[in-house]
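One structure below.
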Amino acid sequence: VRQVEIVPIEGVVRNVAAGSITKRLGIEEGTPLPRTLIEYYYKDDALGDPLISEEHIACFNWASQEELHDIQDMAIRVNDFLVGMFAGVGIRLVDFKLEFGRYEGEIVLADEISPDTCRLWDKETMKKLDKDRFRRDLGGEAEAYQEVARRLGLMPEEGGGAVVDLVSHRLRKGK
């Protein structure tokens, strides 16, 4: 973990219509997008993190054109990796948020990736396995997060809590 200079934009990478895009554009939740979409939001809680364009980013010098290309490239690489990883355990990656920073002149990922920052749905049942369980008052947030952890091999299948020592856990599992 390193201290970075935070870039004041959040990138939301979308694969399936859900959340604010469905409200803004009238798209039915669950509609697969024809291609991966990256949206940008200005990081300002007092303003409600408003949607911004690449033109805003350039105009207000929040990131250079080169930095924005780096952010886009990293977002697509992270998306490709996560889509495959989650698909392998029966989870659909709907969308997720990324935050970036500058470290020694380079753009780096500057936040966690977790069910708090992703929309994750069971591929078969479309059951929400993410923070939407809280946002929509569905309950069962802890159980949903544990289900994601179990599918990823980070928690035992039955009885027991979180895996603390991942090295030992992977050695026992032969991974």
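Residues in the stretch 38-75 that are among the hydrophobic types (A, V, I, L, M, F, W, C) and open to solvent by 60 Å² or more (accessible area, probe 1.4 Å): 46, 47, 51, 59, 60. Using the structure shown, decide if residue 64 is out of contact with any Asp or Glu (no Cβ under 8 Å at 6 or more places or on another chain), farther than 27 Å from residue 132 by Cα and of a type in the set (S, T, N, Q). Yes, satisfied.
Name the pairs whose Cβ atoms lie under 7 Å apart, with the first residue in the stretch 109-131 and among the basic types (Lys, Arg), the second surrounded by fewer than 18 Cβ atoms within 10 Å (Cβ to Cβ), and 6 or more positions between them or separate chains? Filtered contacts from the stretch 109-131: 119/19; 123/90; 128/138; 131/116. Among the conditions (1) in a loop (DSSP other than H, G, I, E, B); (2) out of contact with any strand residue (DSSP E or B) (no Cβ under 6 Å at 6 or more places or on another chain); (3) open to solvent by less than 20 Å² (accessible area, probe 1.4 Å), residue 21 misses just one, which is (1). Collect the residues in the stretch 98-109 that are open to solvent by 30 Å² or more (accessible area, probe 1.4 Å) and either part of a loop (DSSP other than H, G, I, E, B) or under 16 Å from residue 77 (Cβ atoms) (or both), keeping them in residue-number order. Once the filter is applied, which keeps residues that are open to solvent by 30 Å² or more (accessible area, probe 1.4 Å) and either part of a loop (DSSP other than H, G, I, E, B) or under 16 Å from residue 77 (Cβ atoms) (or both), the stretch 98-109 yields 104, 105, 106, 108, 109.
Among the residues making up the stretch 1-33, a single one is within 17 Å of the chain's Cα centre (by Cα) and basic (Lys, Arg): 14. Taking the numbered list (1) outside any loop (DSSP other than H, G, I, E, B); (2) open to solvent by 50 Å² or more (accessible area, probe 1.4 Å); (3) of a type in the set (D, E, K, R); (4) over 16 Å from residue 39 (Cα atoms) in turn, residue 133 passes all entries but (2).
For (1) without any contact (Cβ under 8 Å) to a residue 12 or more places away in the chain; (2) assigned to a loop (DSSP other than H, G, I, E, B), each residue gets a yes or a no:
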residue	(1), (2)
1	yes, yes
35	yes, no
67	no, no
81	yes, no
85	no, no
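The values are calculated or read from the model by the stated rules, or taken from the named source; none is laboratory data. This structure is a prediction, so every number in the text was calculated from the model and none was measured. Virtual Cβ from ideal backbone geometry, glycine too; neighbours counted across all protein chains shown. These area figures cover heavy atoms from the full protein model, side chains too; ligands, DNA and RNA do not enter into them. Shrake-Rupley method; radii C 1.70, N 1.55, O 1.52, S 1.80 Å.
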